[in-house]
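For reference, the structure is listed below as structure tokens.
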Amino acid sequence: MENYAIEMLNITKTFSGKAANDNISIQLRKGEIHALLGENGAGKSTLMSILFGLYQADSGIIKKDGEVIEIKGPKDANKYRIGMVHQHFKLVEVFTVLENIILGCETTKFGFIQKKEAKEKIKALSEEYGLNVDLDKLIENTTVGMQQRVEILKMLYRDNDILIFDEPTAVLTPQEIEDLLKIMKNLANSGKSILFITHKINEILAVADRCTVLRKGKYIGTVNISETTKSELTEMMVGRKVEFVVQKKESVPGDVILDVNNLVVAGAKKNKNSVNNVSFKVRQGEIVCIAGIDGNGQSELVYSITGLEKIKSGSVLLKGEDITNANVYRRNKLGIGHIPEDRHKYGLVLDFTLENNLVLKKFEEERFQKFKFIKRDEIREYANKLIEEFDIRSPQGPTNLARTMSGGNQQKAIIAREIDLNPELLIAVQPTRGLDVGAIEFIHKQIVAQRDLGKAVLLVSLELDEVMNLSDRILVMYEGEIVGELNPKETSVKELGLYMSGAKRNVKEGN
Amino acid sequence: MPGWLWFLLQFVIIASIFAYFIIAGKKAKKENKTTWFMKTWKKDSVKAITSSVMSIILGLVIGCLILVIMAIIPSKTSSLSLKTALDGIQLVFSGVFNTGRGASGLTFGFNGVNFGDMLFRATPLILTGLSVAVAFKTGLFNIGAPGQYLASTAVTLILALAIPTSVVPPLFVWLIAFLGGILAGAIWGAVPGLFKSFLNVNEVITCIMMNWIGANVVTILFDKESGPFKFLLDPSGTKNLAYVFKTTHNNVATSKFGLDLIFKGSQVNGGIIIAIIIAILIFIILDKTTFGYKLKACGSNKNAAKYAGINDKVATIISMAIAGGLAGAGAALYYLSGNTEFAWETYQSLPAVGFNGIPVALLACNNPLGVIFSATFISLLDVNGMQLKYMTPYNEYITSIISAFIVYFSAFSLLFRQVLDGSIKINLKSKFSKKSSATVEIVDKKDEKVANQEVSE
């Protein structure tokens, strides 16, 4: 009999009558990286929550090293040396890295924390696995990548040997992802067993040994990565063939819609502008993509065009009209649709119902109000129309609270709202972040459809695949400036990377 | 009706309602049906009401415990006994129905005076409660209701007393005073709104400052020796404490709307009807209009509101002005009743009715219609307390402690709400099976909802 580190056998878990996990089994070998693949809502998180003790399974057993164990809560999980890096990090912002790592298992002497010993242990661990962290920095001052390394160190500090990574790459830049995958390999080589939850197949192919696929709460199968292909995994996950390359016709650019001239946006620090002297144009019927590593001024550029942030100097023209100092309402009315980067902060009022969110920019239109009284029935009807058109799924339909919808469906709701505004200029910032393959395909199709209708599309993305697939023209931003304009057909991911890291630049003025 | 019978009747009615729902629910569960009750139970509003009722009951029970403890502590001077504690408990629960004391103890039935007084005291509370609730809906904490109330008090009284009714008909004077009071409150409320919008100063700080500015301005206005409106003071007062004339001095008073016929001998007047109408109007504005939609959008997510093109600064100012106007309306209705006098002091204190708007709003989960009931309830406690004072040897301070407990537990209504939602599980089993105390397990709300979502997809 093979020796497994963790086995979850015939796990079933139902929530109010519906099975989130239906008779699922997964066996994790010692020292392997085992991927758990599935779309949003396939039951991955539920399964891992059961392993981590956050939920109790209705039936099925969990075995560690061949012995049946019972996990009633995270404390039990810790006892059996199971650690988890959550998708949203569980760190105390105002504590230092060191304090976060030892939180909950501090060694004390007469009630005083013995930081020195802890420090030495952590240093040894970080050297062993290449986890570079600055122990004395406050979490709020560290990058997302470092926060994740802190989470990993937290597990290692507790001597966990079963490590669960829940969608660890969703928040990372391409470079950080590469580093993380390396770290994961190191960990596996030194005997740790890793469960890697993701819906990004490229990453699985890069690091995993085996992969278990779930779909709609059901077990589909477990495959050896060395014997499988990307398209096979995708088909297992989605249940049908998926096109990775977006089908689109040649772009036919028309009139200039957005004209940005020498735009400067002040940065958080006074001596540095977050957007510095940026000029570009977006025409009808083209998708212009702003590529770059996160934090190089893309967000500020978008906020200044949409009116959420003040412009220091320069001008923004929409269809020839100067909107440099116009308020957000005016800009929306003139035809800017904006799919924001942060859907929880800007995109949705989470405590509003889905229908109220769908009319967020339209509730003052004649058809939704009479003498300022809201016409509920009209809104319901309109919401139902969008829900059907864009396949927005939620348990209670239009009256479902936005907060309780899945990320993919929240994003679909925003996209439905913005596209139905029928905007002249659609600004989409990372429209597919954190979404699964099926949803990404859908959203890409919608964006291309907008372009084909003769709309101008400004896309901001950190995903190189998306940039290369979707755009008609690429502008690369580096440290607040546009450092290059590229044609996706003539360039390569490698060249794009050079521009993004600031190693190369070519600037054509005034296009 | 004798007291113990009355008490038993209440208990039996409540217990049988509970029993019905439990039995009906169990039966339906067996047959795998959903009853009307189970469907209603899932509604948010029902959960909100239940959680408020739970906190009230808990507060009342603790209050009764205090009465019993007071009674059994041996003391030479006190005349308390378990018998009086029993009387006290009856009064805490249903003092408003007390009709006096018969041969066999307290008697209960419909008491017009108590009922009318309860409604009269509820009038300003409904409006200060609305004031706090409206601000909460827009994401603001209006702790400035006392100041707004005071500002309105001064303006209302000045207008109602200084405009000669020989020239202007009393009804118009009443209207001018009422609107003037609202306007004064609105201005007092708008100031923190302006500071918040344009200088990003936390509204709690400016509200508290406006409270004391209001208190001192009132002191100056009605100063017995140098105040510009000292001629409105009843000359019988002392140097440090004097009363402003009742508005009836100038023949100005709120119409009784016939309420005095129903509740004979009480202080009730048409103010309660106006307050209820205002509450309904606020409910309609918040729930049915685009304006309310804007305010609520700003309150739940300021950034998203900004993103949608809603002017969040204007919304903040207007919302605070409305909140102030509501508190002002409360003061105006209270003093225009004609039978209340405003006590001026050298060191003006802040009116408690302003602060009591906070528990009223919390108890009602910020629902404008709920505020009508929660405010009436708080004033019911007041009336019950008065009965306790009159009918038993307990002194009046005990009643304040009991209502304080209920207000205190009203802050727990959110906790009860989470228990009802199932996001907090209280594990009672472990309390009895093991030695450890009851464990409260807080389930990450988001995780659970995500998990539920996964199922539905």
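No lab work stands behind these numbers, since they all come straight from the coordinates. Predicted model, so just to flag it, every value in this text is computed and none were measured. Positions of Cβ are backbone-derived with ideal geometry, glycine not excepted, and every protein chain shown enters the neighbour counts.
Partner shielding of A:401-411 amounts to 3, given as the average count of beta-carbon atoms from other chains within 10 Å of each residue beta-carbon.
What is the calculated FRET efficiency for B:LEU8 to B:THR340, with r their C-beta to C-beta distance and R₀ = 45 Å, to the nearest 0.05? E between B:LEU8 and B:THR340, to the nearest 0.05, is 0.75. Rounded to whole numbers, the Karplus 3J(HN,Hα) couplings from phi for segment A:480-496 are x, 10, 8, 9, x, 10, 10, 9, x, 6, 9, 10, 10, 4, 5, 5, 4 Hz, using 6.51 cos²θ - 1.76 cosθ + 1.60 with θ = phi - 60°, and x at Gly and Pro.
Between B:LYS264 and B:THR165, the modelled labels are 2.6 nm apart [label points 7 Å from Cα along Cα→Cβ]. The stretch between A:ARG367 and A:ARG380, if pulled fully straight at 0.36 nm per residue, gains 3.5 nm over its current Cα-Cα span.
Shielding value for A:358-368 is 3, the average number of Cβ atoms from other chains within 10 Å of each residue's Cβ. Here the label points at A:LYS494 and B:LEU82, each 7 Å from Cα along the C-beta direction, are separated by 9.4 nm in the simple model. Estimated from the Cβ-Cβ distance and a Förster radius of 51 angstrom, the FRET efficiency linking A:THR14 and A:ASN189 is about 0.85. Applying the criteria of a DSSP loop state and at most 16 other Cβ atoms within 10 Å to the GluC sites (Glu not before Pro) of segment A:154-263 yields A:GLU243, A:GLU250. Take every DSSP beta bridge whose two residues both sit in segment A:4-238; close to 55 percent of them are antiparallel. In loop segments of segment B:276-362 as defined by DSSP, the chymotrypsin sites (Phe, Trp or Tyr not before Pro) with at most 12 further C-beta atoms inside 10 Å of their C-beta are B:TYR347. Dipole check for segment A:344-422: with +1 at the C-beta of Lys and Arg, -1 at the C-beta of Asp and Glu, and the Cα centre as origin, the magnitude is about 240 Debye. Near A:ILE257, the amide H atoms lying under 5 Å from its own belong to A:VAL282, A:ARG283, A:GLN284; only residues 5 or more places off or on other chains count, and H is placed 1.01 Å from N. Applying 0.36 nm per residue to the separation of B:HIS249 and B:PHE110 and subtracting their alpha-carbon distance, the gain on full extension is 46.8 nm.
Figure legend: label point modelled 7 angstrom from the Cα of B:SER349 along Cα→Cβ; residues of segment B:389-405 with amide N under 19 Å from it are B:395-405. Using a basic spin-label model with each label point 7 Å from the Cα along Cα→Cβ, how many nm lie between A:LYS218 and B:PHE141? Roughly 5.2 nm, to one decimal. Taking each residue as 0.36 nm, the span from A:TYR329 to A:ARG505 lengthens on full extension beyond its C-alpha to C-alpha distance by 59.7 nm.
Applying 1/(1 + (r/R0)^6) with R0 = 22 Å to the Cβ-Cβ distance of A:GLU388 and A:ASN422 gives a FRET efficiency near 0.75.
Taking segment A:423-511, which GluC sites (Glu not before Pro) meet the DSSP loop condition and have no more than 14 other C-beta atoms within 10 Å? Here the sparse-neighbourhood loop sites are A:GLU490, A:GLU509.
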